[in-house]
Amino acid sequence: MNGRLLDRALLLHLGVIAGLIVLQYWLPAYHHGIVARVLVLASFALGYNILFGYTGLLSLGHALFFGAGVYGAGMVMREFGWPASAALVSGILSAALVSLVVGFLALRTVGVAFMIVTLMFAQTGYLTSLLFNRYTRGDEGFVIPQAARAIGPFDLSDSTTRYFAALLLFAICLLIKLALVRSSTGRVLVSIRENEERSRMLGYNIFRYKLLALVISGAFAGAAGAMYALLFGYVGATFVSIQYSIFPLLWVLLGGAGTVLGPLVGTLLMFYLVDLTSGIAAASLLAVGVVLVILILWFPKGVLGAVRERALPWLP
Amino acid sequence: MAAVTLLSARGLTRDFGGLRAVDQVDFDLPRGQVRAVIGPNGAGKTTFVNLLCGRIPPSEGRIQFEGRDITRQPAHVRVASGIAYTFQITSIFGKLSLYDNVALAAQRRLFNEKSKGRAAGSLLRARTMEALERVNLAELAQQIAGSLSYGHQRLLEIAMGLALGPKLLILDEPTQGLADGEIENFIDLVRGVVREATVLLIEHNMGVVMRLADRITVLNFGKVLAEGSPAEIRADPAVQSAYLGG
Amino acid sequence: MAAVLALTALGLSLVFGVMRVVNVAHGEFFMLGAVLAWWFANLVVGNPALGFLIALVGSPLVVGALALVADRLVLKRLDYNPEATIVATIGMLYILQQLALTFYGPDARPVVAPISFRVQFPWFGYSGYKLVVVAASAIVLLGVWVLLARTKIGLIMRATQYDRETAQAFGIRVDRVYAGVFALGAMLAAVAAVLIVPIQQAYYLMGQDPLLLSFIVVIVGGLGSLRGTVVAAIFIGMSDGIISVFFSPTLAKILATLLVAMVLVYRPQGLFGARDT
Amino acid sequence: MDQKTRKTAPAKGVGRRKVITGLAAVGGAAMGSRLLPGYVPYIQAQSSEPIKIGFQVHRTGIGAAYGNWYDRTTTAAAKVINDAGGINGRPLEIITEDDGTDPKRGAEVVEKFATLHKADIVYGTLFSNVVIGSAPRAGELKIPYFVVSEGHHVASGGLNRYTLQPGITDVKSQVAAMAPWVAANLGKKVTMIFPDFAFGHDHRDFFTEAMAGQGGEVIETIAVPPTESAFFRYFPKIPRETEVLYHVMVGPAVLTFVKEMGEFYGDTRPEIFGFIDSLEAVDLNSPGLEFLDGTYFWEGHRRYAGDNPTAFELNYREKVGVDMNGASVDNARDVATYSHMFGCWETLHIIKAGMEAAGYQGPADRAKLIEAVEAMTDIPESEAHPQGAKVFNGKTHQTFGHQNITKVANRRLDLVHRTSIEDGLYPDEVDYTTQPL
């Protein structure tokens, strides 16, 4: 790997971020709002990709971490009147903590069992959010008042600020992930995906690396969840429901598992697909299903995976 | 050669269900030696080395490495403390480049040495390329490992072992599937390694064993049948009958 | 309830046991069975019993055929890779669910029970039809057991389950066995659904609950163990009621779900499965 | 109209465009608001452009059965309004978007209405989680959001000034109006069965409170998880000394619930009082419901027209396409969500009245529309309000109307009591008019 190649990848990612900054002045109002949402959700997908795309662990329980972020931020604001900035930190930490505990247990299993265990943990989380409805308001959820949704002078319900807050989160996640992927730690994670036993026999503590990947992934999910709650003002059990475990998988698969930018591409495409088809009755989730089947059959590597294979082998 | 014991095993036993694959093996390996383990198929050779490097836990017995008891250490800790294992069935990261394959091993060693920052980056690069050069694969560094010929994959496997900078290098049937010319290169390679590491070799090719090994341990039905110099083993009637019978 | 649960879970367990894949769309086969039952039952006007019988035969056949098609078109091409299969069956879940919504609509619709009488116990009443369901489920379970344990087809299935490569070497068309098993699993879910519609209603989202419960049953019973599945279904069907006497039902569900997760973590072979290391 | 700007500065929401247009230097929110995209068409063409109403409908997800009928009622009401000349001479255009009964998607749909479809208002949501998920966005976008949800979330003060519920009474009021009659006629020891989520908890909390005020007592509460499909095991928990069983259930399993209740009790049952939600859209002639004869229901709007329906009622049924038994005129088994969907009809008429009172021209007048609706008080029974007279509380943004108690006889529901509006009033919990517009 020579230096020039590395720079090219870095430039591409900085270019994407710059492009998103420019986009904010140019997008019409509706799409402006959509892209802000997509950026937050793409941060969630970025985290999912660290676990799934790079480490090779397929979790069906990421809704739990996203939800931990949403509630970790929302609850402290509602119950203790914490300011938004502290709530954001609280959301990230809650998710990291939850993923640590889940990882400690679930990572004892592999393959299908891991998928089911994570699914079950997420389901437990979902039911718990219903059980303690006195605090969580359960399925109905609660609103974070507009007045509370500000960090310092920045009003997060303002559309420009929201866009930049979403972009900032995304940019931080993207660069962290890029650095991670290109670090020696990232190389170990990939080696675990490729051949777990071999990496163990190269002297790596597989469990610890997997746990690390899961916690980073969970923290990304939590950051996205907390940010989502702050930017859009709603906290509810729906964010812990099984759909939010399936979505990141879908986004990552669509964009390209094991590519840094894939989650953004996948989230963006999927969001517009659902948005366009939702005009036609009942079709939006049908599209999700069809896309999943088509992807897994013909494009298991996703959009950017295919691009990397055919045109840009240096894509990280 | 002063016989400082690098690795020793006492009463090492492993059961699989009702089958005893390794049975009360006592084993001492002095530093700097090339030791070969031979035996008929099913004699428990691979199980034996798997016990040594920690891939499977023993049913009974103890293992010491550099005087420390490592019986309960998990495999990755043993690797980190200097026991490298190369797989019998080629086990490389097929979708990664040769460079990444070897770098994974080299960086493990750097982690041990706790070096940080940019120096570590260039050191990693240097060590990786050095290991690749030793097996003559340096110019293929950016190729995807899965696209290599079988012989080259075996060499890559050894390069990964070397890059770990091990004190003990365990080679499980390294010459299996190699052409004659490649075997010659391999023998030279191992002779070079001995300067810095002890080598434990499981091998079927008697020619290779006789040319490389300082001492040979013969396993049969999970027990040590004989141990001695190549000449002693060649002359041992028990070994002969075991091979004829097996 | 335990009886119907056992049938549904058995289908899932069969698929997992023989094919080593998890069918997430299993609950949707169940849903489809119920929806088709409504459709078949309404073909015949005036005689609910006849309509029900037609549904009992027709619905599983259609669902089985559909599963066969899904197997040919999708799963076979994936070479039954466990993880790819999960993703693909999640896709199927959405497709089936949304198609049902499009063509059947969002309403929950009842099917008239073929018989209706009420058994009055001293302190509460019990629907006679439910007893019929239990009996019918037992008969189907027995049938599956006979099929597996006493026939050549069962032998072939068990051989495939035991060792795919060897079975192939013995001239067993493994892909056909897989397709058959997948269809059979779906049909069992459909039978369960037809039996249940007179009690519940056919509704396009009804697949979720039995899926989760079946998961629980299959895991507790031991992945792929048929006997364990049946025992676990009865055990869980009963205990579900008992737990919810002591705890709030939502809490009961939480405990059950956590239990399943813990079973997988610490006893992956299931509570009733044999340890085979 | 461009001079008729509102006083309060819409400081939020224009920041981005300030950058585009360089308006930051100019300042002045009045100017800024005029430059919002979407305002432009209305400035010139005020008479012919249709008024766009974004209809947030549950077409998929758990609320789909209700969404279907909400859609039919809305279409009928829009046609009636248009046939009578529209609003201020402008036709109504209903733009429909599915929210999947999902709060996150709901918020996106509100955004889509406001920014892409350039709708004047958003309207029509039923499920409370979607309302709560969407309301913050409506408030930020300053687009009036008329919900038809019967939840207490509007009057509880949790939402914002742009969210109103003028067409249907909320749960707290409904329940409070029921308690005196239940206590006086059925019994004082009540056991409640309700779904274990927010809607059910509202019933539990408000009815327990209202019953205590009547000298009655809720002796047991049984919460059923929302995804439950079999209910048999819950019934044995009902205490033997129960005089009244109060049930309210929602979702696809309601028929199972009621049937199993019948199986459990047979001929020996306490008095049973239910919210019609337990049987909304379910045919009373379904098998297994025989035992309901002699039990009582709350109905917001009576499914069976009864002996002497008003002309308004008859007109409403005809226009929506519902027969005298509350089923679709095309299919007698297709029963309407009759007790709730009238809210769509009435809300659309409130919107019309509000827009006409405000002299509504376009989105710049949204604040005036809110103020005009807040100014409403007494709403008489009329063609626009076939369910009956209402009193709207402009401070809490909630309307209050009459409730019906009906009794099952011969597989139909006959009126036994109609509450007064006063029965359902409770002290204000919020004054939205103090919030900025």
Which one of A:Tyr54, B:Ile70, A:Val235 is farthest out on the positive end of the charge dipole of the protein assembly as shown, using unit charges on Cβ (Lys, Arg +1; Asp, Glu -1) and the Cα centre as origin? B:Ile70
I'd like the distance between the alpha-carbon centres of the stretch A:36-80 and the stretch B:118-195, rounded to an integer number of Å. 42
GNM top mover of D:Ile193, D:Ile351, D:Ile219 - chain D, alpha-carbon springs below 10 Å: D:Ile219
Could you list A:Leu11, D:Leu279, D:Leu186 so that the one with the fewest beta carbons within 10 Å of its beta carbon is first and the one with the most is last? A:Leu11, D:Leu186, D:Leu279
Which whole-Hz couplings ³J(HN,Hα) result when phi for each residue of the stretch D:317-323 is put into the Karplus expression 6.51 cos²θ - 1.76 cosθ + 1.60, θ = phi - 60°, listed in order with x for Gly and Pro? 4, 5, 5, 7, x, 10, 7
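Report the FRET efficiency, 1/(1 + (r/R0)^6), for A:Leu23 and B:Tyr243, where r is their Cβ-Cβ distance and R0 is 60 Å, rounded to 0.05. Write down the numbers at each step before the final one.
Working: r = 74 Å, r/R0 = 1.24.
Efficiency, rounded to the nearest 0.05: 0.20.
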Quick check: the angle from helix D:171-185's long axis to the longest principal axis of chain D, C-alpha only, nearest 10 degrees? 20
Along the stretch D:422-429, Karplus-curve 3J(HN,Hα) (6.51, -1.76, 1.60; θ = phi - 60°) to the nearest Hz, with x for Gly and Pro, reads 4, 4, x, 7, 9, x, 4, 10
Can you tell me which lysines have their Cα less than 23 Å from the Cα of C:Lys76? Leave out same-chain residues fewer than eight positions away. A:Lys301
Cross-link list D:Lys79/D:Lys118; D:Lys79/D:Lys395; D:Lys118/D:Lys352; D:Lys118/D:Lys172: which exceed 27 angstrom alpha carbon to alpha carbon? D:Lys79/D:Lys395; D:Lys118/D:Lys172
For D:Tyr246, enumerate residues with amide H under 5 Å from its amide H, sequence gap 5+ or separate chain, H modeled in the peptide plane. D:Thr191, D:Met192, D:Ile193, D:Phe273
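With r defined as the distance between the Cβ atoms of C:Phe103 and A:Leu97 and R0 fixed at 41 Å, what FRET efficiency is calculated, to the nearest 0.05?
Values: r = 46 Å, r/R0 = 1.11.
According to the calculation, E is roughly 0.35.
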At C:Val132 and B:Ala235, where each label point lies 7 Å from the Cα along Cα→Cβ, what is the point-to-point distance in nanometres? 9.2
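What FRET efficiency comes out for A:Arg208 versus C:Ala65 if R0 is 56 angstrom and r is the Cβ-Cβ distance? Round to the nearest 0.05. Before the final figure, lay out each step's value.
Numbers: r = 49 Å, r/R0 = 0.88.
Efficiency, from the Cβ-Cβ distance: 0.70.
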Residues whose built amide H sits under 5 Å from the amide H of D:Ile87, excluding neighbours closer than 5 in sequence, are D:Leu92
At what distance in nm do the modelled label points of C:Val57 and C:Lys152 sit from each other, each positioned 7 Å from its Cα along Cα→Cβ? 2.6
Once phi is turned into ³J(HN,Hα) by the Karplus curve 6.51 cos²θ - 1.76 cosθ + 1.60 with θ = phi - 60°, what whole-Hz value does each residue of the stretch A:112-129 show in order, with x for glycine and proline? 4, 4, 4, 4, 6, 4, 5, 4, 5, 4, 5, 5, 4, x, 4, 5, 5, 5
Cβ-based net charge around C:Leu96, under 15 Å, with every Lys or Arg adding one and every Asp or Glu removing one: -2
Taking the simple approach of a point 7 Å from Cα along Cα-to-Cβ for both D:Asp428 and D:Thr268, what is their distance in nm? 5.3
Those lysines that a straight Cα-Cα span of less than 16 Å connects to B:Lys45, excepting residues fewer than 8 apart in one chain: B:Lys223
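For C:His26, D:His402, D:His152, what's the fewest-to-most ordering of other Cβ within 10 Å of each Cβ? List each step's numbers first, then the result.
On the way: C:His26 29, D:His402 19, D:His152 25.
With the fewest neighbours first, C:His26, D:His402, D:His152 line up as D:His402, D:His152, C:His26.
Taking loop as defined by DSSP and a crowding limit of 12 other beta carbons within 10 Å, which trypsin sites (Lys or Arg not before Pro) in the stretch B:136-195 fit? Working shown, then result.
Details: sites: B:Arg154, B:Lys167, B:Arg191, B:Arg195; in loops: B:Lys167, B:Arg195.
Loop-located and lightly packed - B:Arg195.
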For A:Phe232, B:Phe27, C:Phe30, which order do you get if you count the other beta carbons within 10 Å of each Cβ and list the fewest first? B:Phe27, A:Phe232, C:Phe30
Could you tell me the largest-minus-smallest coordinate of the C-alpha atoms of the protein assembly as shown on each of the three principal axes, in descending order and whole angstroms? 118, 83, 50
For the stretch A:3-310, the dipole about the Cα centre with charges only on Cβ (Lys and Arg +1, Asp and Glu -1), to the nearest 20 debye, works out at 720
If amide hydrogens are placed 1.01 Å from N in the peptide plane, which non-local residues have theirs closer than 5 Å to the one on B:Leu96? B:Ala145, B:Gly146
Sequence-distant lysines (8 or more away, or on other chains) whose Cα lies within less than 20 Å of C:Lys253: D:Lys237
Name the most mobile residue of D:Ala119, D:Ala177, D:Ala389, meaning the one with the largest mean-square fluctuation, in a Gaussian network model of chain D with Cα contacts below 10 Å. D:Ala389
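Assign one of three labels to chain A, namely rounded, prolate or oblate, based on the Cα gyration tensor with a ≥ b ≥ c the square roots of its eigenvalues; rounded applies when a/c is under 1.5, prolate when it is not and a/b is larger than b/c, and oblate otherwise.
Working: a/c = 1.44, a/b = 1.20, b/c = 1.20.
In terms of gyration-tensor shape, rounded.
All of the numbers you see were taken from the coordinates with simple rules; none came from a lab. Since the model is a prediction, treat every value here as computed from it, not as a measurement. In this analysis, Cβ positions are derived from the backbone assuming ideal geometry, glycine residues included, and neighbour counts consider all displayed protein chains.
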